[in-house]
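One structure is given here, and the rest of the page talks about it.
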Amino acid sequence: MEPTTGDSTLSTVTERGHTTVDRAAQSAHEAIDRLAAKAGPAVERLRASTSSAGEKLRAKAGELGELEEQWVENTRGYIRDNPLTALAIGVLAGVLLSKLSSSR
């Protein structure tokens, strides 16, 4: 059986359709590859930046911890050297807090 003109036309249209789809898929793959190539370095810069920020925050947290320890030690020393003054300050702070909380 010989192919008819309609079969030939259908075959040509189908072949062109496959070619068009193949070209579109190839273009999409190339576009994705270009985007991935550009995104990779940006992601690495972001990762380095966040890592650096994390290290700085850990260092600051360590410094604040040392400051807290120093403040607590200084306060303990003051209380040991001036127990009556420290007691009076505590009582006054308690009275003030009581007045502030009862007025609400």
Can you give the charge dipole size of the chain about its Cα centre, rounded to the nearest 20 debye, using +1 on the beta carbon of Lys and Arg and -1 on the beta carbon of Asp and Glu? 760 debye
Top positive-direction residue, dipole computed over the chain with Cβ charges, set 11, 28, 86: 86
Can you give the extra length, in nm with one decimal, that the chain gains between residue 8 and residue 81 once fully stretched, where that is 0.36 nm per residue apart less the Cα-Cα distance? 15.6 nm
Please build a GNM for the chain, connecting alpha carbons under 10 Å apart, and tell me which residue among 67, 92, 57 fluctuates the most. 92
Rg in Å to one decimal, and Dmax rounded to a whole Å, for the chain via C-alpha atoms: 38.2, 117
Alpha-carbon Rg with Dmax, taken over segment 33-81, Å: 21.3, 72
Angle check, please: helix 83-102 long axis (alpha carbons) against the longest principal axis of the chain (alpha carbons), in degrees 0 to 90, nearest 10. 60 degrees
Furthest towards positive pole of dipole, 49, 102, 75, structure part segment 5-102, Cβ charges: 102
With each pseudo-label sitting 7 Å past Cα toward Cβ, what's the residue 68-residue 97 distance in nm, one decimal? 1.8 nm
For the chain, find the longest principal axis of its Cα atoms and tell me its angle to the long axis of helix 5-81, 0 to 90°, nearest 10. 10 degrees
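No lab work stands behind these numbers, since they all come straight from the coordinates. In this text, all values refer to a predicted model and were calculated from it rather than measured experimentally. With ideal geometry, Cβ positions are generated from the backbone for all residues, glycine too; neighbour counts draw on all protein chains shown.
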